[in-house]
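Notes follow once the structure below has been shown.
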Amino acid sequence: MKYQLAIFDLDGTILDTLKDLADSVNYSLRKSNCSERTIDEVRRFVGNGIFKLIQRAVPENSSEELINTVFSDFKEYYKVHYADSTKEYDGITELFTKLRSSGIKIAVVSNKADFAVQSLCKDYFSGLLDACVGERENVRRKPAPDSVNEILSILGVEKENAVYIGDSDVDIKTAQNAEMDCISVNWGFRDTEFLTANGATVIVQTTQELYLKIVNT
């Protein structure tokens, strides 16, 4: 096997977090008397961190003060409600178990706030991950390769022996910037057409297909 490490995105890749994100966005928008957003709008807004999510969700040409207020309310609400409706995508725990049995390390790198990444990974995948990191101060978010490189260093794996797995254009660019192979999944927040248009070269439809791509490369 070529790959010793599989690095996964979180939102839209291993966990369906969309409803909790949308509910938190709309709570914070309502609190500032702003129009709410649909699930599909929030789906399009995610991927570049929660501050960017709020910047996209507030009305066009909103003041910096409003953006910061909505962002603060979002964080406060999401810390309590980050897992109300969140669920694992079908087959992820089984996938992780099989990868570990095959001797492959597993990590998560996300643009979600680090507190939520740590809590969700513990709640849903306790004992199955070798490392996980989210958005933190003074660390560039994806698609910058900083967090991916940090994981490679922590786990002692060369980039040539690792693969990045995600559901978005941000994940494709992250892998490119980290000079790593990339596998895209089409069950998340972006569809096959979008992924292909944004440079995806390997797209899988099921966790079994993903497992085979990782272990047989």
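With a 10 Å Cβ neighbour count serving as the proxy for reagent exposure, in which order, fewest first, do MET1, MET180 appear?
Least crowded to most crowded, the residues run MET1, MET180.
Can you divide the C-alpha Rg of the chain by 2.2 N^0.38 Å and report the result to two decimal places? Before the final figure, lay out the partial values.
Details: Rg = 17.0 Å, N = 217, 2.2 N^0.38 = 17.0 Å.
For the chain, the normalised Cα radius of gyration comes out at 1.00.
Give LYS122/LYS173; LYS79/LYS105; LYS2/LYS75; LYS2/LYS173; LYS2/LYS79 a once-over and call out the pairs whose C-alpha atoms are over 32 Å from each other. Present the calculation step by step, with values, prior to reporting the outcome.
Numbers: LYS122/LYS173 27 Å; LYS79/LYS105 29 Å; LYS2/LYS75 40 Å; LYS2/LYS173 21 Å; LYS2/LYS79 39 Å.
From the list (LYS122/LYS173; LYS79/LYS105; LYS2/LYS75; LYS2/LYS173; LYS2/LYS79), the Cα-Cα distance tops 32 Å for LYS2/LYS75; LYS2/LYS79.
Please state, to two decimals, what the Cα-based radius of gyration of segment 18-81 comes to when divided by 2.2 N^0.38 Å (N = residues).
0.95
Most exposed first by the Cβ proxy, i.e. fewest other Cβ within 10 Å, how do ILE203, ILE154, ILE165, ILE50 rank?
The order, fewest Cβ neighbours first, is ILE154, ILE203, ILE50, ILE165.
Mind checking the log10 I(q)/I(0) for segment 39-158 at q = 0.21, 0.22 Å⁻¹? Debye, one equal scatterer per Cα, no solvent, two decimals.
Evaluating at q = 0.21, 0.22 Å⁻¹ gives log10 I(q)/I(0) of -1.32, -1.39.
Rounded to the nearest 500, what is the chain's calculated 222 nm mean residue ellipticity when only DSSP H runs of at least 4 contribute -39500 (n - 2.57) each, over all residues?
-14500 deg cm²/dmol
Quick one: Cα centre-to-centre distance for segment 150-164 and segment 4-82, in angstrom?
Spelled out, the Cα-based centre of one part sits 30 Å from the other.
Could you give me the ³J(HN,Hα) list for segment 82-88, computed from phi with Karplus coefficients 6.51, -1.76, 1.60 and θ = phi - 60°, whole Hz, x at Gly and Pro?
Here the 3J(HN,Hα) series is 5, 10, 4, 10, 5, 9, 6 Hz.
Rule-based calculations on the coordinates, nothing more; no lab input. Everything quoted here is computed from the prediction, not taken from an experiment. FYI the Cβ positions are ideal-geometry reconstructions off the backbone, even for glycines, and counts take in every protein chain you see.
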